[in-house]
Amino acid sequence: MSKIFIVEDDPAIRSELAELLKNAGYETDTTEDFSATAENVLKSAPDLVLLDINIPHANGQQVLRDIRSKSSVPVIMVTSHTSEIDEVLSMSCGADDYVTKPYNPTILLLRISAVLKRSSAKPENNTYNGLELNTAKGILGNGEKEVSLTKNELLIFQQLLDRKGEIVTRDDLMTVLWDNEEYINDNALTVNISRLRAKLADIGCENAIETRKKQGYVLI
Amino acid sequence: MRFKDYIRDRFGAILITLISWFILMLFFRAFRVRMYISSAATCVLFIAGITRLLWDYFRRKSFYDSIKNSCEGLDKKYLLHEMIEKPDFAEGIIVYDALCEANKSMCENVAEHRRKSEDFREYIELWVHEIKLPVASLLLMSHNDGESGNKYSEQLKRIDDYIENVLYYARSENAEKDYIIKEVSLKRIFGNIAVKNREELLQRNVGISTEGLDRAVMTDAKWLEYILGQLLGNSMKYIAEGREPEIHISAEEKDDRTVLHFRDNGIGIPASDLPYIFEKSYTGENGRTRSRSTGMGLYIVKSLCDRLGHTVSADSVQGEYTDIMISFGKNEYITMQE
């Protein structure tokens, strides 16, 4: 379980953020003392830091610089400043991503998992039931039989595979697709899922994707 | 200053001179002064009078003419006193000093107002950042609430949109340079906007297609994001009934610029309204009949584009489509390096 450290001085946002991340299966840690933020963050040794720019005592960019001088932990800057200057400054201080408040919670979670994925040293789990997923070629197969997936199918399958055994909502899938510039609608998503199912059945994985009524899909 | 006007202005003085000459002549006649003496006196008097008039006329003429010409020729008329030379006669000096004084006090006045509007803008920026905190925590709360929270999220998104309008209006009106122009990918900017408005687009079943967006343009990413957000909002507001709503975003490369087309198949804009849509507070027929419109959206878009150096224009056929075009200048330095 990845641990996320939340640096945020607004208590309401802090607790809601912690709840959001807990629901999404992350462990969270936080601080209420901002006089030595960088030390607190480093002491907690998180996998990722959500850092607000506007915090008491030091500004977020300064804290980021302090963290960067000792650690390369991924940092996502979170701010209510919608200005390009702040973003450029934060990225040049070594932030991995920059999200502006008020953020869409689904997108925030997506960004977090993207940053965590990029930073994690362990190779991605790209096998399913003896089938190997080649993301670069868009091919799923086991050496004998293989099927090629379209970009949309690939994105959907990847998302289901990453959260194998969990319920992935249609909303989550939509967010992933739209975030990858595939602006499809609800019907197209249904069509893509049924095509993906047919392709999986072709190579011997029937009923791999289960539908949970009113909740989403599960890859079993 | 015409001589005729000058003489008319001096009419009283001339009349007094004539009357005193007449009285003098009466005296001369009464004391039986010889004819040639009175003729000589008349000559001296008239020559002196006319010379004095002419000399005075030309001295004044140069000063007042320079005021008049400068005033007509100047674009910023308040710079008048900088353009004229200090005159050498008493009345002129009074006028000149008064002009300088008036200008100085106007400058102070303008500076005070500029300071006030700057303070106000700073406060708006601050306020926007503050108000976003409760909006952010409400959004998180409604998300954590699950299904029942969705309807709150929608309203919160509306609040956030209105807040952004205030922020960018304040920014577009301000002379300060608070943007960064750098290479920005059109694809990424539009992606951000699309994801942000996903729920609404899906709800209205809007089809989105893109073409040639893998180009980069020189602009401020945040400002362009706001601009495209406004255009997207308009397209969703003015959807035509009876056909599938579609939005097509494409970019084409011209010799000296990149043109971004934002085209929808909505209700379009009446030809009579089209020339005015970028004007402040202009609502037009659509704004009056369809939905409440403030007439600010496209005005802010235009002023932001102006400040960034992009040009924005619109093309539309009522009942068929609206196409908003933004042209981005190309950076010669970068193309030269390539």
Next item on the list: Count, please, the residues in the range B:79-94 that happen to be at pLDDT below 90, in a helix (DSSP H, G or I) and out of contact with any helix residue (DSSP H, G or I) (no Cβ under 6 Å at 6 or more places or on another chain).
Entry: 4
Next item on the list: Answer yes or no as to whether residue B:288 is assigned to a helix (DSSP H, G or I), under 16 Å from residue B:219 (Cβ atoms) and open to solvent by 20 Å² or more (accessible area, probe 1.4 Å).
Entry: no
Notebook entry, point to check: Quick check: anything in the range B:116-124 open to solvent by less than 30 Å² (accessible area, probe 1.4 Å) and at the interface with chain A (Cβ under 9 Å from one of its Cβ atoms)?
Noted result: no
Note to self: Being surrounded by 19 or more Cβ atoms within 10 Å (Cβ to Cβ) and within 8 Å of chain A (Cβ to nearest Cβ) narrows it down to one residue among B:224, B:228, B:232, B:201; which is it?
What the structure shows: B:201
Next item on the list: Tell me, yes or no, whether the range A:36-49 has at least one residue that is under 29 Å from residue B:223 (Cβ atoms) and out of contact with any Cys (no Cβ under 6 Å at 6 or more places or on another chain).
Entry: yes
Next item on the list: Give just the number: which of (1) over 28 Å from residue B:303 (Cα atoms); (2) at the interface with chain A (Cβ under 9 Å from one of its Cβ atoms); (3) of a type outside the set (A, V, I, L, M, F, W, C); (4) surrounded by fewer than 16 Cβ atoms within 10 Å (Cβ to Cβ) does residue B:150 not satisfy?
Entry: (2)
Check: How about the range B:159-238: which strands (runs of 3 or more DSSP E) wholly inside it have at least 1 residues that are closer than 19 Å to residue A:88 by Cα and aliphatic (A, V, I, L, M)?
Finding: B:182-185, B:216-219
Margin query: I need every pair where a residue in the range A:129-149 that is closer than 19 Å to residue A:162 by Cβ has its Cβ under 6 Å from the Cβ of a residue that is among the charged types (D, E, K, R), sequence separation at least 6 or different chains.
Written below: A:139/A:146
Check: Picking from B:167, B:133, B:140, B:74, which residue would you name as being away from chain A (no Cβ under 14 Å) and either at pLDDT 85 or above or surrounded by 13 or more Cβ atoms within 10 Å (Cβ to Cβ) (or both)?
Finding: B:74
Note to self: Here are the criteria: (1) more than 30 Å from residue B:250 (Cβ to Cβ); (2) in contact with a Leu (Cβ under 9 Å, 6 or more places away or on another chain); (3) of a type in the set (A, V, I, L, M). Tell me which single one residue B:181 does not satisfy.
What the structure shows: (1)
Check: So which pairs qualify, if the first residue must be in the range B:26-55 and without any contact (Cβ under 8 Å) to a residue 60 or more places away in the chain, the second must be charged (D, E, K, R) and in a loop (DSSP other than H, G, I, E, B), the Cβ gap must be under 8 Å, and the two must be at least 6 apart or on different chains?
Finding: B:53/B:10
Checklist line | Near pairs, Cβ below 9 angstrom, 6+ apart or cross-chain, from the range A:193-209 (polar (S, T, N, Q)) to any residue that is modelled with pLDDT under 90 and open to solvent by less than 50 Å² (accessible area, probe 1.4 Å) | finding: A:207/A:200; A:207/A:201
Next item on the list: Could you run through the range B:59-90 and say how many residues are among the acidic types (Asp, Glu) and either in contact with a Phe, Trp or Tyr (Cβ under 9 Å, 6 or more places away or on another chain) or closer than 13 Å to residue B:1 by Cβ (or both)?
Entry: 3
Check: Can you tell me which residues in the range A:169-215 are among the charged types (D, E, K, R), within 14 Å of chain B (Cβ to nearest Cβ) and open to solvent by less than 50 Å² (accessible area, probe 1.4 Å)?
Finding: A:172, A:182
Notebook entry, point to check: Hey, among the residues in the range A:87-102 that are within 16 Å of residue B:192 (Cβ to Cβ) and more than 7 Å from every other protein chain (Cβ to nearest Cβ), which one's surrounded by the fewest Cβ atoms within 10 Å (Cβ to Cβ)?
Noted result: A:91
Next item on the list: Within the range B:211-221, track down each residue that is open to solvent by 40 Å² or more (accessible area, probe 1.4 Å) and more than 13 Å from chain A (Cβ to nearest Cβ).
Entry: B:215, B:216
Check: Does any residue in the range B:1-13 that is touching a residue at least 24 places away in the same chain (Cβ under 8 Å) come within less than 6 Å, Cβ to Cβ, of a residue that is of a type in the set (Val, Ile, Thr) and exposed (fewer than 13 other Cβ atoms within 10 Å of the Cβ) six or more places away or on a different chain, and which pairs are these?
Finding: none
Margin query: Need the failing condition index for residue B:293 against (1) part of a strand (DSSP E or B); (2) open to solvent by less than 70 Å² (accessible area, probe 1.4 Å), just the number.
Written below: (1)
Next item on the list: Could you check, for the range A:147-169, whether at least one of its residues is touching a helix residue (DSSP H, G or I) at 6+ places or on another chain (Cβ under 9 Å), of a type in the set (Ser, Thr, Tyr) and over 19 Å from residue B:202 (Cβ atoms)?
Entry: yes
Check: Taking residue A:13 and the conditions (1) more than 10 Å from chain B (Cβ to nearest Cβ); (2) open to solvent by less than 30 Å² (accessible area, probe 1.4 Å), which numbered condition does it fall short on, given that it satisfies the others?
Finding: (1)
Note to self: Can you find a residue that is at pLDDT below 90, among the small types (Gly, Ala, Ser) and assigned to a helix (DSSP H, G or I) anywhere in the range B:17-30?
What the structure shows: no
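The values are calculated or read from the model by the stated rules, or taken from the named source; none is laboratory data. If you're wondering where the values come from, they're calculated on a predicted model, not measured in any experiment. Backbone-built Cβ (ideal geometry, glycine too); neighbour counts: all protein chains shown. Please note that ligands, DNA and RNA were not included when accessible areas were found on the heavy atoms of the full protein model with its side chains. Shrake-Rupley method; radii C 1.70, N 1.55, O 1.52, S 1.80 Å.
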